[in-house]
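Heads up: the structure comes next, in structure tokens.
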Amino acid sequence: MRVITLNLNGIRSATSKGVWEWLSAQDADIICLQEVRAQEHQLPDLEKVGLGEYHAHWNAAQRPGYSGVGILSKLEPMGITRGFQSAEFAAKVARFAPISPAGA
């Protein structure tokens with residue numbers, strides 16, 4: 001199983017630097033993205049960026065342009081828990097924990 005974790009430092013900036021082409025060439029089973037810094041309507045169509053075989057799960061921070069994470073997996077996860085289990089930090093962070101990949 002090949003897992004990649006990558007801090008995008010903003011999805012629009014990473015897109016302009018060729019991140020989707022690079023990720024497509026890596027042939028990873030699971031891709032974990034941090035610092036997406038975009039709302040769901042601003043995310044790319046995975047078919048158009050060469051990652052159409054992945055199941056995408058995104059969790060944006062409530063504050064636009066801040067934080068945000070995504071998980072792309074070739075197999076549909078058995079379960080995903082969104083959020084941070086603390087009201088104090090819920091509006092400041094976006095994360096998944098835990099993820100259970102099917103077949104792993």
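I'm checking my understanding of the structure. Among residues of the stretch 75-87 that are at pLDDT 75 or above and not in a strand (DSSP E or B), which one is farthest from VAL36 (Cα to Cα)? It comes out as MET78.
When the stretch 43-74 is filtered for residues that are under 18 Å from THR15 (Cβ atoms), modelled with pLDDT of 90 or more and not in a strand (DSSP E or B), the ones remaining, listed by number, are LEU43, PRO44, ASP45, LEU46, GLU47, LYS48, VAL49, GLY50, LEU51, GLY52, TYR54.
Read through the list (1) surrounded by fewer than 17 Cβ atoms within 10 Å (Cβ to Cβ); (2) out of contact with any strand residue (DSSP E or B) (no Cβ under 9 Å at 6 or more places or on another chain); (3) at pLDDT 95 or above, then give the number of the only condition that ASN7 fails. So the condition that ASN7 fails would be (2). Taking the stretch 21-42 as the range and being over 18 Å from VAL3 (Cβ atoms) and either surrounded by fewer than 16 Cβ atoms within 10 Å (Cβ to Cβ) or modelled with pLDDT of 95 or more (or both) as the test, the residues that pass are GLU21, GLN39, GLU40, HIS41, GLN42. ARG12 satisfies every condition listed in (1) crowded, with 16+ Cβ neighbours inside 10 Å; (2) of a type in the set (Lys, Arg); (3) not in a loop (DSSP other than H, G, I, E, B) except (1).
The values are calculated or read from the model by the stated rules, or taken from the named source; none is laboratory data. Please read all numbers here as calculations on a predicted model, not as lab measurements. Positions of Cβ are backbone-derived with ideal geometry, glycine not excepted, and every protein chain shown enters the neighbour counts.
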